[in-house]
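Read the structure below first, then the notes.
The values are calculated or read from the model by the stated rules, or taken from the named source; none is laboratory data. Since the model is a prediction, treat every value here as computed from it, not as a measurement. Neighbour counts run over all protein chains shown; Cβ positions are idealised from the backbone, glycine included.
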Amino acid sequence: MAKITMMVGFVLVALGFAYWGLAGRTAPTALIPAYFGIALMICGARSRTENNKTRMLFMHVAVTIGLLGFLFPGIRAIMTMMKGATLSSLAVQEQLVMSVVCLVFTGMCVRSFIAARRTPPAEAAV
C-alpha cells in the first residue's frame, strides 16, 4: 500500500501543477492538491518499513489525508456549483478530480485495512 500511496501522491502533485499552469500560474490555490500529494508521498515513504507500528501509523495518517482530500474539495465544488459555477470552471474541475482521486485512494486503504485485520497473526508473520 505504500507504493500506491506514493503514486497517488504523485498524481495529486501533477494535478496541482497542471491546473496551476492552466490557470496561468496566477492562482496559488490551484496548488492545493500538490500539498496533499506531498503529504501522501511522505507518508508512503515513511510507511516503507518492517516496523508494523510505524507502517500502521503512517498509513492511518495517509488515509486520513485521503479522506480530507475527498471531503474538502468535494464539498467546496458542490458549494461553488450551487452558487452558479459550471463544470467548465477550472477550479470546480480540479476540486472534483482531486475529490475522486482521494475517494478511490481512501476506499483502497479501507479495503487493505480490512484485509489486514482479517489475516490471522500466524499468517501475517510469514
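If the condition is being of a type in the set (Ser, Thr, Tyr) and either more than 18 Å from Met98 (Cβ to Cβ) or not in a helix (DSSP H, G or I) (or both), then region 11-59 contributes Thr26, Ser47, Thr49, Thr54. Within region 1-28, the set of residues being in contact with an Asp or Glu (Cβ under 9 Å, 6 or more places away or on another chain) and loosely packed, with under 15 Cβ neighbours inside 10 Å comprises Leu22 only. Note on region 32-46: among residues that are in contact with a Leu (Cβ under 8 Å, 6 or more places away or on another chain) and surrounded by 22 or more Cβ atoms within 10 Å (Cβ to Cβ), the one that is farthest from Ala2 (Cα to Cα) is Pro33. Condition first: modelled with pLDDT under 90 and of a type in the set (Ser, Thr, Tyr). Now tell me which residues in region 1-28 satisfy that. Thr26 - this is the single residue of region 1-28 that is modelled with pLDDT under 90 and of a type in the set (Ser, Thr, Tyr). Here Leu90 meets each of (1) farther than 18 Å from Val13 by Cβ; (2) in contact (Cβ under 8 Å) with a residue 40 or more places away in the chain; (3) out of contact with any Ser or Thr (no Cβ under 6 Å at 6 or more places or on another chain) with one exception, condition (1). Scanning region 67-113 for residues that are among the β-branched types (Val, Ile, Thr) and either at pLDDT 90 or above or touching a Phe, Trp or Tyr at 6+ places or on another chain (Cβ under 6 Å) (or both) returns Ile75, Ile78, Thr80, Val92, Val97, Val100, Val101, Val104, Thr106, Val110. Scanning region 49-57 for residues that are touching a Gly at 6+ places or on another chain (Cβ under 9 Å) and without any contact (Cβ under 8 Å) to a residue 60 or more places away in the chain turns up nothing.
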